[in-house]
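Reviewing the structure listed below.
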Amino acid sequence: MGRKQVAVITGGAQGIGLATAVRLAKDGYSISIWDMDKTAMDNAQNVLSEFPNCICSVNVVDAEQVFAAVRETEEKLGPITALVHSAGITGPNQKLVDYGIDAWRQVIDVDLNGTFIVNKAVVERMQAHGYGRILNIASVAGKEGNPNASAYSSAKAGVIALTKSLGKEHADEDIAVNCVTPAAAKTRIFDQMTEEHIQYMLSKIPRGRFLEVDEAANMIAWLVSEENSFTTGGVFDLSGGRATY
């Protein structure tokens with residue numbers, strides 16, 4: 001690793017975010033976790049205690065909090081070189097005709113608008129430093145459109161498009177912007193889903209099992225590394241064979 005690496009991981013106190021934080025910390029990165037779950041954040045602090053880190057309480061839809069976290073991260077750890085944007089919610093499992101308007105707006109706000117705000121705040125600093133790697137976590141739902149998850153599917157499709165757009169905007173710089181499209185991983189996000197929806201997702205995975213968080217972290221680690229010097233605006237499958245494109 002030729003430069004000091006500082007990674008921001010939103011939603012990094014649990015699930016894929018925390019697995020990625022641990023993987024990157026072991027690879028020599030200083031880690032800044034942005035999350036809202038106090039209990040999970042305390043646990044993440046313990047898990048990362050032997051590595052350089054800072055933990056920021058951040059609501060990704062609050063631009064003031066996001067920009068403040070950027071400043072705090074760079075003051076404590078140095079210039080941000082990598083972003084893994086993992087924060088998100090699923091929303092209720094209901095048909096669109098039954099979907100609450102407020103619930104729809106909340107999912108779009110957190111999953112898509114939050115991605116916009118976080119990417120905007122971080123890429124600005126990467127431009128200033130002349131280097132950066134951004135990895136947004138989308139979903140196979142954004143490719144295929146899961147039934148009874150119209151808001152989540154729509155938001156994640158938006159994350160894919162945002163990633164492609166942002167990647168093109170910075171393709172002439174040493175800034176790469178990519179995303180992954182995981183199938184479901186058995187994390188606390190399952191608490192937001194019905195058992196019927198969980199079984200539907202499992203039935204769609206040719207591997208016959210859910211994604212392991214460490215498997216996601218392994219792919220993400222390369223995508224945010226200096227070794228990824230060419231690929232940008234890319235969408236990387238983590239669906240266990242489910243995705244057909």
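Restricted to the range 11-42, and to residues that are touching a Leu at 6+ places or on another chain (Cβ under 8 Å) and within 15 Å of Leu83 (Cβ to Cβ), which residue is surrounded by the fewest Cβ atoms within 10 Å (Cβ to Cβ)? Of everything passing the filter in the range 11-42, Ser30 is surrounded by the fewest Cβ atoms within 10 Å (Cβ to Cβ).
Listed here are the residues, each with its yes/no results for (1) among the hydroxyl-bearing types (Ser, Thr, Tyr); (2) surrounded by fewer than 20 Cβ atoms within 10 Å (Cβ to Cβ); (3) under 26 Å from Arg242 (Cα atoms).
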{"position": "Thr81", "(1), (2), (3)": "yes, no, no"}
{"position": "Ala87", "(1), (2), (3)": "no, no, yes"}
{"position": "Val97", "(1), (2), (3)": "no, yes, no"}
{"position": "Glu124", "(1), (2), (3)": "no, yes, no"}
{"position": "His129", "(1), (2), (3)": "no, yes, no"}
{"position": "Asn136", "(1), (2), (3)": "no, no, yes"}
{"position": "Gly142", "(1), (2), (3)": "no, no, yes"}
{"position": "Ser153", "(1), (2), (3)": "yes, no, yes"}
{"position": "Ala161", "(1), (2), (3)": "no, yes, yes"}
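Evaluation of Leu166 against the conditions (1) under 24 Å from Ser225 (Cα atoms); (2) touching a Ser or Thr at 6+ places or on another chain (Cβ under 8 Å); (3) at pLDDT 95 or above shows that the sole unmet condition is (2). Taken over the range 1-59, the criterion of being among the hydroxyl-bearing types (Ser, Thr, Tyr) and touching a strand residue (DSSP E or B) at 6+ places or on another chain (Cβ under 6 Å) is satisfied by Thr10, Thr20, Tyr29, Ser30, Ser32.
Considering the range 92-149, the residues that are among the acidic types (Asp, Glu) and without any contact (Cβ under 8 Å) to a residue 60 or more places away in the chain include one that is farthest from Gly167 (Cα to Cα), namely Asp98. Scan the range 37-61 for residues that are assigned to a loop (DSSP other than H, G, I, E, B) and without any contact (Cβ under 8 Å) to a residue 40 or more places away in the chain and the total you get is 7. Sort out which residues of the range 171-205 are within 16 Å of Gly241 (Cβ to Cβ) and either of a type in the set (A, V, I, L, M, F, W, C) or in contact with a strand residue (DSSP E or B) (Cβ under 9 Å, 6 or more places away or on another chain) (or both), and write them in order of number. Selection gives Val180, Thr181, Pro182, Ala183, Ala184, Ala185, Met201, Leu202, Ile205.
Of the residues Glu74, Glu64, the single one that is surrounded by fewer than 20 Cβ atoms within 10 Å (Cβ to Cβ), out of contact with any Pro (no Cβ under 6 Å at 6 or more places or on another chain) and in contact (Cβ under 8 Å) with a residue 40 or more places away in the chain is Glu74. Tell me, please, whether a residue that is under 15 Å from the mean Cα position of the chain (by Cα) and outside any helix (DSSP H, G or I) can be found in the range 14-21. Yes; the residues of the range 14-21 include at least one that is under 15 Å from the mean Cα position of the chain (by Cα) and outside any helix (DSSP H, G or I).
The values are calculated or read from the model by the stated rules, or taken from the named source; none is laboratory data. Remember, predicted model here, so these are calculated numbers, not experimental data. Every residue, glycine as well, gets a Cβ built from its backbone with ideal geometry; the counts of neighbours run over all protein chains shown.
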